[in-house]
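Notes follow once the structure below has been shown.
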Amino acid sequence: MAKSSDDISVLAGTGGVVLGEARTNHEGRKAVLLIRGDEDTSEFVALVETMGITIVETLHQPGIEDPRGYFGKGRLQDVADELSSRVQGHPWQNVDLVLMHTNASPRQLVGVSSAVEIEVWDRVRLLLSLFTSHASSLEARLQVRIARMLSDRTVLRELANQQTTGERAGYGGGGITALQATIANINRELVQLRKRQKKHAVAQSERRKQRSRSGAVTVGLAGYTNAGKSSLFLALSGKDVLVRDKLFSTLETTIGRMEDSPRVLLADTIGFIDHLPSSTLDAFRATLAEALECDLLLILSDVSDAPEELERKLFTSRNEIFSRFYGEEIEDDFPWNSNETSNVQKVLTVLTKKDQATEMQLDEAIATVAALGLPEPLIISSHTGEGMKLLKDAILLKLYGPQTNLLLLPVPPEGGRAVEGLVADVYEAGLVSKRIERDDGGVEMRVWMNEQSLSRLLAHSKNRIEVK
Ligand SMILES: Nc1nc2c(ncn2[C@@H]2O[C@H](COP(=O)(O)OP(=O)(O)OP(=O)(O)O)[C@@H](O)[C@H]2O)c(=O)[nH]1
Ligand SMILES: [Mg+2]
């Protein structure tokens, strides 16, 4: 059995790096944040706040990132000195975390860690820690663990590399051999974890096939984190899922039935975020597949966001879905309009949280959606219910085409199946929205039904069902 990576103690102060262990609760921690240039830090700060961590001080250094230590050598030393000379009452007294506002290279992570000698997170490690603390299901924990180990391995490889080239001396007590043994352990455990994940994925894909064989169709809910996916899922299905004003509340896929339309399944899933490394996204692939391999995909975005935020988040969602997940090239005319081999034939854009948006925001958002080549949006509020009926109808229209009016004829004089039997067949084949019993014993029905099911129904009805 491979040694668990939780045992890896690459400790600060012994010439190594704190890889930030399996700790899941970071509530109440204090951090300093390092920033180069004048980047917008609001999303990063929101991620930090979501975890209950307080940023005690933000340190800026103008100019471009130093490839060795993110901050320049002198400035980084200043930070290290300040940390090591803390006395009672120092504002940094309880700081045990240094945050870097970047997706750092392994070299930068090692560089900053060695200098400050406390735990260091770049944006990716921050996300991984957040995922770890929000992972509540077995599946979520498994994929987060894989993502963490992949990321830890790059840091350990960098350390090994620095020791081999003589750039760095010693590694704890054990030196390069201990490091290589640790990497080997990680590799072994990754093989095991991936096997388990593969098993999950196969089982999931089998369940998906079964669902579609049983005539169910799936509607996937996708969008940036905090877009309101779980809230819409709850509003449409009534099935309880975690809704919180936190980033990445949802890390796995939940399937539920659309209310009044039991054959329509909804899939709530993990959200997207900018600049997630491919290896991290890959760890969530099976989960995403559960929602994105669907009959209809809803792309959600929060219309109460500032216009440039909305654009950024929709742009990211679009790229994650089409380029990274489906591996399609994004061109001006979109896959769902142009290309029959596309993975997604059907897409709807949904703007959420209408109750919090101004008229001007709504207008701007509609223009943004069009500029990105996405289908014209439906605008809803899961809280007030506004737009929900239109959305449900739009979903059914996309899935089944226009509604069909059927007339079920009464039993003829020479005998035949009871009308109730025909009615049952119709319920079996589609979604009934209206039913009128006629005086002559016949029944009129209005249904959502795709062409294939309709022709099968008519063929089996011995001319007792007519399309009106
Ligand atoms: N005012 C308003 N708030 C909403 C609406 N829909 C969702 N929210 C809020 O937006 C926040 C995020 O909602 P979620 O449904 O958890 O969003 P999500 O997309 O599932 O988020 P993650 O799972 O974290 O990616 C919560 O605080 C919701 O209450 C809405 O229609 N109106
Ligand atoms: Mg959610």
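Bear in mind these aren't lab numbers, they're just calculated from the coordinates by the rules spelled out. All values derive from a computational prediction rather than experimental measurement. Using ideal geometry, Cβ is built from the backbone for each residue, glycine included, and neighbour counts are taken over all protein chains shown.
Given a Förster radius of 22 Å and the C-beta distance between ASP245 and ASP363 as r, what FRET efficiency does 1/(1 + (r/R0)^6) yield to the nearest 0.05? If you can, show how the numbers build up before the last one.
Details: r = 26 Å, r/R0 = 1.17.
According to the calculation, E is roughly 0.30.
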*Longest to shortest principal axis, alpha-carbon extents of the range 5-192, angstrom*: 43, 43, 34
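Using mean Cβ contacts within 10 Å as the protection proxy, how do 279-289, 424-434 order, highest first?
Descending packing order for the listed peptides: 279-289, 424-434.
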*Contour minus end-to-end for GLU259 and VAL411, with contour as 0.36 nm per residue of separation and end-to-end as the Cα-Cα distance?*
51.4 nm
*Label point 7 Å out from ASN103 along Cα-to-Cβ: which residues of the range 47-67 have amide N under 20 Å?*
47-48, 64-67
*Just from its helices, what would the mean residue ellipticity at 222 nm be for the chain, if runs of 4 or more DSSP H residues each count -39500 (n - 2.57) and the sum is divided by every residue, rounded to the nearest 500 deg cm²/dmol?*
-13500 deg cm²/dmol
*Taking the highest mean first, how do the peptides 88-95, 387-394 order by number of other beta carbon atoms within 10 angstrom per residue?*
387-394, 88-95
*For the chain, divide the Cα radius of gyration by the Kirkwood radius and give the resulting Rg/Rh value with two decimals.*
1.09
*Could you check the simple spin-label distance between HIS383 and GLU420, using points 7 Å along Cα→Cβ, in nm with one decimal?*
4.8
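Per residue, what volume in Å³ does the convex hull of the Cα atoms of the range 413-468 enclose?
Taking the convex hull of the Cα positions in the range 413-468, it is 82 Å³ per residue.
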*asked:* Can you give me the distance in nm between label points at VAL87 and LYS199, each placed 7 Å from the Cα along the Cα-to-Cβ direction?
replied: 5.9
*asked:* Sort 48-59, 266-277 by packing, meaning the average of other beta carbons within 10 Å per residue, with the highest value first.
replied: 266-277, 48-59
